[in-house]
Structures are given as C-alpha cells and as structure tokens.
Amino acid sequence: MKTLLNFQHEPAARSITARVIATSGGPFADGMIVTAGRREGVREGMAAVTADGLIGRVIEVGDWSARIMLITDINSRIPAMLQEGGARGILTGGDRPALDLLYLPPDAPARRGARVVTSGHGGVFPPQIPIGIVATQDRNAARIIPAADLGRVDYVRLVDFRLAGGDANAFERALQTADRP
C-alpha cells in the first residue's frame, strides 16, 4: 500500500544531550547556553526538549556550545494546537512564566487543563511534542503553563528531526548560499 501511495517516511531523528551551563533572562530575552556545539553535530533550528516536553530551539551554534531560545522568550513563535480537538494557533512567549496561544478559533475547546502540543506546521517541529496545559481562556486566545519547569533544567536534549523547515528548507538553503561570497 505504501508503495502504491508513494508514501514518504519522515527521516529518523537524532539527538544530543547537553548540560546547561548558563541561563539568560531579561526584559527582551529568555535563553540558555549548553555544552554541545558544532563539533557534536548541533545545528540551528534543533528542538530543545526535556522529559516533560519542548522548552525551546537552538538559535546560535559555536564550536563547543550552543544558545537556546526558550519558548517563553518574547521572540518565540511556535505553531501549536490543542491536543483534544486539534484547534490550531500560534504559541507566543512574553518573557514571563506563562505563554499565550493566539488565533484560536472562537469555538475552540480550550478548557482549563487541556494539553497543548506542537502542530507540525512550518516544518520545524513534528506534531505532538508536549508544550504545556491551558490555564485560562479568553476569546481567541488561551494562557498556557509550560509542561517543563524552565527554572530547573540542568540537562537538555537537542533533537534534529530533519524536517523540511529551517536549514533543511530549499528556500532557506538558497538564501544561505546567496549570502556567502
């Protein structure tokens, strides 16, 4: 059946576990530095997860370390959905402990305690990675409490899902090669 449908398997994910050596927080940034870099195979766009769920993504890589933008950072935008019912929205950080799930349909069942997961849209994260739970709902948005306690992360797993978004995207690769002399 898979041959008849020309079914394409998703590439296998690979991961690296690294120790958190610094955290940065301020009015406009929320991140951490980990002890794995280019030499260990880390690349920009890799997901940063703990046993509890998604905590961020790699935004800068050096030879020996990498910088992670946490999901609570004001610049963080993640396509997400309510696990029950599949209503989709955009999860945004705001440099505070809670997150906002914006642009939900008006009839979305964002009841207190509902689980929020990645939607898989955008090609950066696969679907169904846990992110948090709904604390409150207001019209087309919901306030989300992260599943992971971001203040108590000592080790993080950097996962390369090798999806079509980010560095693996053909358009992104063309932009990167155009910037080189």
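Approximating the spin labels as points 7 Å out from Cα along Cα→Cβ, the Arg162-to-Glu84 distance works out to 3.7 nm. Note on Asp154 and Ile74: the extension gain reaches 26.6 nm, defined as 0.36 nm multiplied by sequence separation minus the Cα-Cα distance.
A 1.4 Å probe, protein heavy atoms only, puts the accessible area of Arg38 near 130 Å².
Residue order by solvent-accessible surface for Ser15, Ser76 is Ser15, Ser76, largest first, with ligands and nucleic acids left out and a 1.4 Å probe. Pick the calculated percent of Cα pairs over 28 Å apart for this structure from [x] 30; [y] 27; [z] 33? Of the listed options [x] 30; [y] 27; [z] 33, [y] comes from this structure. Using a probe of 1.4 angstrom and keeping all protein chains present, the accessible surface of the chain works out to 57 square angstrom per residue. In the chain, the portion of solvent-accessible area held by carbon and sulfur atoms comes to 53 percent [1.4 Å probe, whole percent, DNA, RNA and ligands not counted].
In the chain, if the dipole is taken from +1 on Lys/Arg beta carbons and -1 on Asp/Glu beta carbons about the Cα centre, which of Asn6, Met32, Ile71 is farthest to the positive end? It is Asn6, whose Cα lies furthest towards the positive end. If only the Cβ of Lys and Arg carry +1 and only the Cβ of Asp and Glu carry -1, the dipole of the stretch 30-132 around its Cα centre is close to 140 debye.
Extending 7 Å from the Cα toward the beta-carbon at both Gln8 and Arg39 defines two label points whose distance is 3.6 nm.
The values are calculated or read from the model by the stated rules, or taken from the named source; none is laboratory data. The structure presented is a predicted model; accordingly, all values stated were derived computationally and were not measured. Cβ coordinates were reconstructed from backbone atoms using ideal geometry, including for glycine residues, and neighbour counts include every protein chain displayed. Ligands, DNA and RNA are excluded from the accessible area calculation, which covers all protein heavy atoms including side chains. Shrake-Rupley method; radii C 1.70, N 1.55, O 1.52, S 1.80 Å.
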